[in-house]
Amino acid sequence: MASLEQSRKLVTEIPGPASLELNKRRTAAVSHGVGVTLPVFAVRAGGGILEDADGNRLIDLGSGIAVTTIGNSSPRVVDAVRAQVAEFTHACFMVTPYEQYVAVAEQLNRITPGDSEKRSVLFNSGAEAVENAVKIARSYTHKPAVIAFDHAYHGRTNLAMALTAKSMPYKSGFGPFAPEIYRAPISYPYRDGLLDKELATDGEKAAARAINVIEKQVGSQNLAAVIIEPIQGEGGFIVPAEGFLPALVKWCRENNVVFIADEVQTGFARTGAWFACEHEGPSGIEPDLICIAKGIADGLPLSAVTGRAEIMDAPHTSGVGGTFGGNPVACAAALATIETIEQDGLIERAQQIERLLMEPLLRLQAADDRIGDVRGRGAMIAIELVKSGTAEPDPALTLKLANSAHAAGVIVLTCGMFGNVIRLLPPLTISDELLAEGVEVLTGILAEL
């Protein structure tokens with residue numbers, strides 16, 4: 001395949017006639033329960049560009065929701081997948097195992113935080129990883145309850161929906177949900193600071209608030225696990241105050257509670273480290289269990305739970321697994337993804353992208369009081385929009401900004417409990433020029449609005 005030209009180009013309006021025709025077919029054939037952010041139909045993607053059915057080239061600041069972190073159709077991944085498909089596409093690991101699964105587990109045990117002996121188990125999706133992490137924690141502790149946090153997002157299966165905070169569109173009308181799920185307050189520096197300046201900067205104080213709720217409403221003697229995204233994804237790219245996560249880990253260790261880091265969106269070099277947990281405290285935190293998906297296999301369905309060996313080995317034999325878990329083609333893609341991140345210096349690239357995004361966005365924030373907060377790490381940056389002169393969320397402005405960016409050929413995503421956050425998740429292979437152009441487009445639109 002000829003390489004995709006790395007420039008934004010609009011041939012038609014967005015969406016164009018070919019995409020509109022395909023949308024008619026989609027409406028007739030696909031469940032209306034599936035939403036679409038931007039109704040252009042992709043035909044090619046790579047670097048920092050996605051090309052649609054009309055030949056429009058769009059700047060990709062979404063990476064398929066943080067999945068194509070190493071760029072779409074990354075060369076090592078393409079080669080590895082082709083070679084594996086030619087050998088075999090499936091041989092259920094629980095029936096006749098194969099080396100590719102073992103190799104991925106070995107690599108995950110190596111690159112995840114901490115020096116303790118580890119084990120891994122492979123699945124298909126982030127929600128599946130989350131559900132199995134909870135199963136493993138309950139098996140290890142012989143306790144039932146699980147704590148999740150305000151603004152959390154953990155997936156769309158029944159237990160994952162129970163853990164997820166936001167009702168619409170993820171939970172509304174789909175209950176009843178799994179029991180023994182409780183919620184505690186997150187550290188949300190921007191919003192906490194509106195009430196208590198100290199709470200915004202003192203993570204230990206924010207953790208004490210959460211632990212107080214946990215002890216009073218659940219009790220550690222009943223609690224199997226605390227599950228948290230080190231940077232919340234769908235919740236609004238909320239980066240907790242320094243000290244919050246280490247204090248939670250310390251409390252969990254003292255109370256025989258399993259600390260689960262949901263790194264589905266933050267993992268695999270996205271934040272300028274292999275995992276976002278590595279940014280916490282002087283030398284990072286070591287979760288007991290870590291949930292991995294999204295960026296793990298450059299777009300092929302794969303997920304994992306990796307963690308301390310004694311916890312991971314707690315379930316009885318055949319207690320975890322699944323027909324497609326650790327599919328050999330997805331495993332080949334994951335091994336090539338890890339190699340690409342290490343060989344091409346993409347962790348350092350994520351750190352560069354943070355600087356390239358934060359500098360112009362912070363300047364913009366200083367000049368425009370509708371930008372309440374700019375936050376994030378690596379290539380995971382968010383803008384929280386508020387009504388001028390207030391801290392009141394402005395979801396209408398956020399939607400207008402996103403829709404206008406789409407019309408101008410820049411793919412951005414929204415998120416946040418109040419629907420007022422623009423999230424930027426560029427592939428790490430995007431050029432400096434495309435990144436700058438994407439931000440310029442957003443800046444120009446915001447000025448017009």
For this session: Could you give the spread of the C-alpha atoms of the range 1-100 along their three principal axes, from largest to smallest, in whole angstroms?
Result: 51, 34, 23
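For the chain, report the % of Cα-Cα distances exceeding 37 Å.
Result for the distance tail: 23 percent.
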Exercise. How fast does the range 303-387 diffuse by Stokes-Einstein, in µm²/s, taking the Kirkwood radius from C-alpha pairs at 4 °C and 1.567 mPa s?
Worked result: 77
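Which value, in Å to one decimal place, does the Kirkwood hydrodynamic radius take for the range 218-291 when every pair of different Cα atoms is included? Before the final figure, lay out each step's value.
Working: mean 1/r = 0.0796 Å⁻¹.
With all distinct Cα pairs of the range 218-291 included, I get 12.6 Å.
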Exercise. For Lys166, which aspartates and glutamates qualify as cross-link partners when the Cα separation must be under 12 Å and same-chain residues fewer than eight apart are set aside?
Worked result: Asp150, Glu234
Problem set entry | Set Lys197/Lys250; Lys24/Lys387; Lys9/Lys400; Lys118/Lys171 screened for pairs whose C-alpha atoms are more than 30 Å apart | Lys24/Lys387; Lys118/Lys171
For this session: Give me Asp115, Asp373, Asp79, Asp60 ranked fewest to most by other Cβ atoms within 10 Å of their Cβ, as a rough exposure proxy.
Result: Asp115, Asp79, Asp373, Asp60
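Only helical DSSP H runs with n ≥ 4 go in: add -39500 (n - 2.57) per run for the chain, normalise by residue count and round the 222 nm mean residue ellipticity to 500 deg cm²/dmol. Can you show the working numbers first?
Values: 15 runs with 175 residues, N = 449.
Counting only the DSSP helices, I get -12000 deg cm²/dmol.
Over the range 326-449, what number does the Rg to Rh ratio reach, with both radii from the alpha-carbon atoms and Rh per Kirkwood?
1.05
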Problem set entry | Zero-based 10 Å bins, Cα pair distances in the range 195-348, whole percents | 10, 33, 35, 17, 4, 0
Problem set entry | Solvent-free Debye scattering, log10 I(q)/I(0), computed from the Cα coordinates of the range 77-343 at q = 0.08, 0.10, 0.12 Å⁻¹ | -0.31, -0.48, -0.70
Problem set entry | For the range 77-343, with +1 on Lys and Arg beta carbons and -1 on Asp and Glu, the positive-most of Asn158, Thr141, Leu199 along the dipole | Asn158
Problem set entry | Potential extension, Phe174-Arg363 segment - 0.36 nm per residue separation minus Cα distance | 63.8 nm
Exercise. Among Leu425, Ala336, Ala28, whose Cα sits farthest toward the positive end of the charge dipole of the chain (+1 at Cβ of Lys/Arg, -1 at Cβ of Asp/Glu, about the Cα centre)?
Worked result: Ala28
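Let me spell out the model: positive unit charges on the Cβ of Lys and Arg, negative unit charges on the Cβ of Asp and Glu, origin at the Cα centre of the chain. What dipole size does that give, in debye rounded to 20?
On the way: 38 positive and 53 negative charges, 224 e Å.
Dipole size: approximately 1080 debye.
Read-outs throughout are calculated quantities, based only on the coordinates presented, and are distinct from any laboratory measurement. If you're wondering where the values come from, they're calculated on a predicted model, not measured in any experiment. Please note: Cβ atoms are built from the backbone with ideal geometry, for glycine as well, and neighbour counts cover all protein chains shown.
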